[in-house]
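Remarks on the structure that follows.
Computed from the coordinates by the stated procedures, all read-outs in this text should not be read as laboratory data. What you are looking at is a predicted structure, and each value in this text was computed from that prediction instead of being measured. FYI the Cβ positions are ideal-geometry reconstructions off the backbone, even for glycines, and counts take in every protein chain you see.
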Amino acid sequence: MKDRDLILQARDLHAWYGSSHVLHGVSLEIARGETVGLLGRNGMGKSTLIRALLGHVAQRDGLILIGGHDVSRGKPHELARRGVAYVPEGRGVFPNLSVKENLLMAARPAAAGDRRAWTFARVMETFPRLGERLGNLGSQLSGGEQQMLSIGRALMTQPELVILDEATEGLAPMIVAEIWRVIAAMRADDIATLIVDRDYRKVLEHSDRGIVLQKGQVVLAGEASSLASDPQLGRFLGL
Ligand SMILES: Nc1ncnc2c1ncn2[C@@H]1O[C@H](COP(=O)(O)OP(=O)(O)O)[C@@H](O)[C@H]1O
Ligand SMILES: [Mg+2]
């Protein structure tokens with residue numbers, strides 16, 4: 001069988017914080033347009049896996065390909081250039097810049113004739129609240145607005161892969177619903193996504209596949225629909 005068209009291919013990833021070995025040989029593939037849910041209890045290495053993929057962990061080992069290009073030694077900006085956008089745990093907005101500046105500085109031009117381009121206008125349409133706050137500083141936004149801005153910034157880069165680490169954490173139910181709606185819109189747009197969220201049901205409902213980490217290793221992986229009914233899932237998630 002021909003290889004699937006992969007946006008991300010990671011093989012045998014390891015990561016360390018000082019002498020603490022946290023990731024133990026994780027492999028992960030994401031096809032173009034595919035949504036993958038990353039599950040696991042607190043402290044199992046989900047954020048570390050993401051940060052290792054992005055080059056934010058100083059001590060790492062393994063092979064990482066983005067669209068077939070080896071970025072194993074790549075710095076975060078190189079991944080951004082290759083179409084990987086990251087919505088970090090705890091949000092990533094510039095507190096001293098206005099909402100508009102935050103969005104425009106992330107912008108990358110869309111390919112000519114791309115009708116699905118994430119333009120400033122489309123981000124405004126998607127997050128009308130941000131439109132009402134364009135002149136406000138990042139620091140003046142509510143937690144939910146900051147998260148929308150962080151996702152808006154990711155979309156403005158015309159990403160091929162968006163990585164969301166606990167994007168709904170600590171937000172009001174209405175905002176959480178809005179974020180899942182945008183995740184669904186990305187999926188409909190064939191943007192690949194890697195999602196971490198405490199609500200494992202929602203993750204699996206919105207994903208094509210899921211993988212479960214335990215102590216820095218993949219212990220379970222499969223189609224989202226079959227994972228949802230896998231009797232082992234509850235044990236690995238501590239339910
Ligand atoms: N900056 C850090 N320095 C040292 N240890 C860390 C750091 N970040 C995370 N860890 C440890 O690495 C392990 C995995 O953490 P993390 O990747 O944040 O898990 P998750 O995102 O699944 O909750 C945990 O034991 C955590 O305490
Ligand atoms: Mg985490």
Choice from PRO88, PRO159, PRO128 showing the highest fluctuation, given a GNM over the chain with Cα pairs closer than 10 Å: PRO128
Selection from SER142, ALA228, ALA167, by position along the positive dipole direction of segment 141-239 (Cβ): ALA228
Length gained when the stretch LYS100-ASP12 is fully extended (0.36 nm per residue, less Cα-Cα span): 27.7 nm
Label point distance in nm, ARG116-ALA177, each placed 7 Å from Cα along Cα→Cβ: 2.6 nm
Among GLN59, GLN147, GLN217, residue whose mean-square fluctuation peaks in a GNM of the chain (springs only between Cα atoms under 10 Å): GLN59
Listed residues MET44, MET105, MET174, most fluctuating in the chain (Gaussian network, C-alpha, under 10 Å): MET174
Rounded to 5, percent antiparallel among DSSP beta bridges of segment 6-234: 60 percent
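Counting only DSSP beta bridges with both residues in segment 119-239, what percent are antiparallel, rounded to the nearest 5?
55 percent
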Residues with amide H under 5 Å from that of ALA107, placed H, sequence gap 5 or more: none
Residue-averaged [θ]222 nm for the chain, counting only DSSP H segments that reach four residues, each worth -39500 (n - 2.57): -9000 deg cm²/dmol
Relative contact order (%) - segment 68-160, alpha-carbon pairs under 8 angstrom, separation at least six: 45 percent
Size of charge dipole - segment 71-135 - debye, nearest 20, with Cβ of Lys, Arg +1 and Asp, Glu -1, no other charges: 200 debye
Cα-based helix-to-principal-axis angle, 173-188 vs the chain, degrees rounded to 10: 80 degrees
Lysine pairs with alpha-carbon atoms under 23 Å apart, segment 6-234, spacing 8 or more or separate chains: 4
ARG73/ASP199 FRET efficiency (R0 25 Å; Cβ-Cβ; nearest 0.05): 0.10
Low-density loop cleavage sites - GluC sites (Glu not before Pro) in segment 122-173, where at most 12 other Cβ are within 10 Å (DSSP): GLU132
